[in-house]
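First comes the structure, then the notes that go with it.
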Amino acid sequence: MTLEQIKKKIRYGDYSTLGLMLAINPDAAKMRFLRNDSLAIQAMTIIITHREEMISKFHQMFSQDLKQHHSD
């Protein structure tokens, strides 16, 4: 995933999670990421990848429930 692709996929709360992963406050985590810090980029890649995998697995597991919920 390129840096631009990562930036497009960042969602609300990702910098907070990044801060927790790097053991720094979210603002400092954001600045490290925007300065192309390699550890911050690796961590953000993990955050995004795992979120996408988690959502996909959830949809696979509960697709029938989701369809029924939307039709109510």
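Only the coordinates and a few stated rules stand behind these numbers; no lab work does. Note that the structure is a prediction, hence the values are computed from the model and not measured. Cβ placement follows ideal geometry from the backbone for every residue including glycine, while neighbour counts extend to all protein chains displayed.
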Less than 15 Å from a label point 7 Å out along the Cα-to-Cβ axis of SER71: which backbone N atoms in segment 40-64 qualify, by residue?
63-64
Using a cut-off of 13 Å between beta-carbons, work out the net charge of the residues near HIS59 (Lys and Arg +1, Asp and Glu -1, HIS59 not included).
0
With bins 10 Å wide starting at 0, give me the P(r) of the chain over every alpha carbon pair, in whole percents.
19, 42, 20, 15, 3
In nm, to one decimal, how far is the modelled label at ASP37 from the one at SER16, with both set 7 Å along Cα→Cβ?
1.9
Answer in debye to the nearest 20: the dipole magnitude of segment 3-69 about its Cα centre, from +1 Lys/Arg and -1 Asp/Glu charges placed on Cβ, is 140
Residue-ordered couplings for segment 3-11, obtained by feeding phi - 60° into the Karplus form 6.51 cos²θ - 1.76 cosθ + 1.60 and rounding to whole Hz (Gly and Pro as x), are 4, 5, 5, 4, 4, 5, 9, 5, 10
Output the relative contact order of the chain, whole-number percent, from Cα pairs under 8 angstrom with separation of 6+ residues.
26
